[in-house]
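Q: Quick one: structure below, then a few questions.
What follows is calculated from the coordinates using simple rules that are stated; it is not laboratory data. Computed from a prediction, not measured in an experiment: that's the story for all the values here. Counting neighbours? That spans all protein chains shown, and the Cβs are built from the backbone with ideal geometry, glycine included.
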Amino acid sequence: MKIVFGISLTLASALFCGGCERSTSPLQPPPAPSVVPVGASAARIEGPESSSRASDAGPPSEGTTFDADRAGGPSSDFEAVVGDWAVGEQAGARGFFVDGSRWRDGVPSATLSEQAKRLYGDRYAEFLDGVKTFAFFPLALWKGLPIDGDVRVSVRFFPLGGTIDQAAGIALGVGADGSYSVARANALEDNLLWAKVVRGRRTILDTVRDVPTPSKVWHELSIVSRGTSVEVSVDGIVRLKKSLDAPLRGRLGLWSKADSRVLFDDFKVERLGR
């Protein structure tokens with residue numbers, strides 16, 4: 001059974017919220033990738049209290065390669081909250097694929113309320129208000145423990161297509177109100193952004209230009225958060241250093257935008273100690 005997450009948006013509202021991030025040159029649609037489409041419903045989350053995979057401090061390194069997941073089905077380690085996500089195969093790798101090609105026609109997930117309850121308990125209504133109104137930013141949350149100290153998070157990504165965007169990002173500090181910070185690269189714009197998303201509205205705080213991440217090539221995005229300092233690297237090169245008002249706390253996730261079609265793999269979380 002196919003699941004589509006998010007809600008319907010008009011093209012006009014999507015373009016307004018997207019801001020100036022869109023590529024200005026016309027692009028021809030890329031050829032359809034050989035990615036296995038969505039084929040099953042999301043797996044049930046075990047809450048942090050009952051999870052046997054992590055202690056309060058967390059193991060030295062966590063994450064997933066998606067190799068054990070069934071192609072065409074959901075990821076066992078991520079909860080697809082907004083957007084169309086499924087395990088797929090491309091470029092000799094099995095990963096977590098976001099398909100934004102149908103984002104304008106998104107409808108709310110039948111299990112979105114249940115997902116929010118499992119993730120945030122009594123505060124689930126706040127979370128729903130913050131994310132369900134905006135299908136423009138696909139979001140899948142990691143089922144591991146939220147971050148509560150210094151951490152390094154990384155993921156490899158393979159931009160497959162998208163005429164508006166080919167965006168791959170990591171969401172950090174996803175709170176019970178649906179707000180989060182995000183670092184993202186974009187194959188169509190050759191830049192890196194640091195932004196804050198609150199109730200579906202994004203505010204870009206930093207832009208680093210001349211950060212190439214060509215389509216149909218594997219890249220790595222990594223973030224090191226220590227206290228109020230953040231360092232973002234792309235393909236092993238530090239591209240952004242930033243000071244925050246407060247340390248990042250909350251859940252982690254994978255992020256994309258608009259009609260992006262991107263394969264994610266080798267998601268890793270290393271807790272660096274308090």
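Q: Just name one of Leu160, Asn191, Gly253: the one whose Cα is farthest towards the positive end of the charge dipole of the range 142-274 (beta-carbon charges, Lys/Arg +1, Asp/Glu -1).
A: It is Gly253, whose Cα lies furthest towards the positive end.
Q: Applying a 10 Å radius around every beta-carbon, put 236-242, 267-273 in order of their mean neighbour count, most first.
A: Order by mean packing, descending: 267-273, 236-242.
Q: Given points 7 Å out from each Cα along the Cα-Cβ axis, report the Asp206 to Arg102 separation in nanometres with one decimal.
A: In this crude label model, Asp206 to Arg102 measures out at 3.7 nm.
Q: Still on this structure, I have one more. Along each of the three principal axes of the Cα atoms of the range 177-256, give the extent in whole Å, ordering the values from largest to smallest.
A: 35, 26, 20
Q: For Val87, which sequence-distant residues (separation of 5 or more, or a different chain) have an amide H within less than 5 Å of its own amide H, given hydrogens modelled in the peptide plane?
A: Amide H neighbours of Val87: Gly72, Gly73, Ser75, Phe97.
Q: At R0 = 45 Å, how high is the FRET efficiency between Asp190 and Glu114 if r is their beta carbon distance? Nearest 0.05 is fine.
A: It comes to 0.70.
Q: What's the center-to-center distance, using Cα atoms, between the range 209-274 and the range 177-199 in Å?
A: That distance is 10 Å.
Q: Dipole of the range 175-225, Cα-centred, from +1 at each Lys and Arg C-beta and -1 at each Asp and Glu C-beta, to the nearest 20 debye?
A: 240
Q: Give the long-range amide H neighbours of Asp165: residues separated by 5 or more places, or on another chain, with amide H under 5 Å away, using H modelled in the peptide plane at 1.01 Å from N.
A: Asp259, Ser260
Q: Only Cα pairs under 8 Å and at least 6 apart count here; give the relative contact order of the range 123-256 as a rounded whole percent.
A: So the answer I get is 33 percent.
Q: Toward the positive end of the charge dipole of the range 179-274, about the Cα centre and with charges on Cβ (Lys, Arg +1; Asp, Glu -1), which of Trp218, Ser229, Phe267 goes farthest?
A: Ser229
Q: Given N residues in the range 141-274, what is its alpha carbon radius of gyration divided by 2.2 N^0.38 Å?
A: Against the empirical 2.2 N^0.38 Å value, I get 0.97 for the range 141-274.
Q: Compute the distance in nm between two label points, each set 7 Å from the Cα along the Cα-to-Cβ direction, one at Val217 and one at Ala91.
A: That separation, rounded to one decimal, is 1.0 nm.
Q: Can you give the extra length, in nm with one decimal, that the chain gains between Leu272 and Ala246 once fully stretched, where that is 0.36 nm per residue apart less the Cα-Cα distance?
A: 7.6 nm
Q: Further question on the same structure: Greater than 20 Å separation of Cα atoms is the criterion. Which listed pairs, Lys143/Lys242; Lys196/Lys257; Lys143/Lys268; Lys216/Lys257, meet it?
A: Flagged as over cut-off: Lys143/Lys242.
Q: Okay, moving on. So how do 144-151, 247-254, 204-211 stack up, highest first, on mean other-Cβ count within 10 Å?
A: For the peptides 144-151, 247-254, 204-211, the packing ranking is 247-254, 144-151, 204-211.
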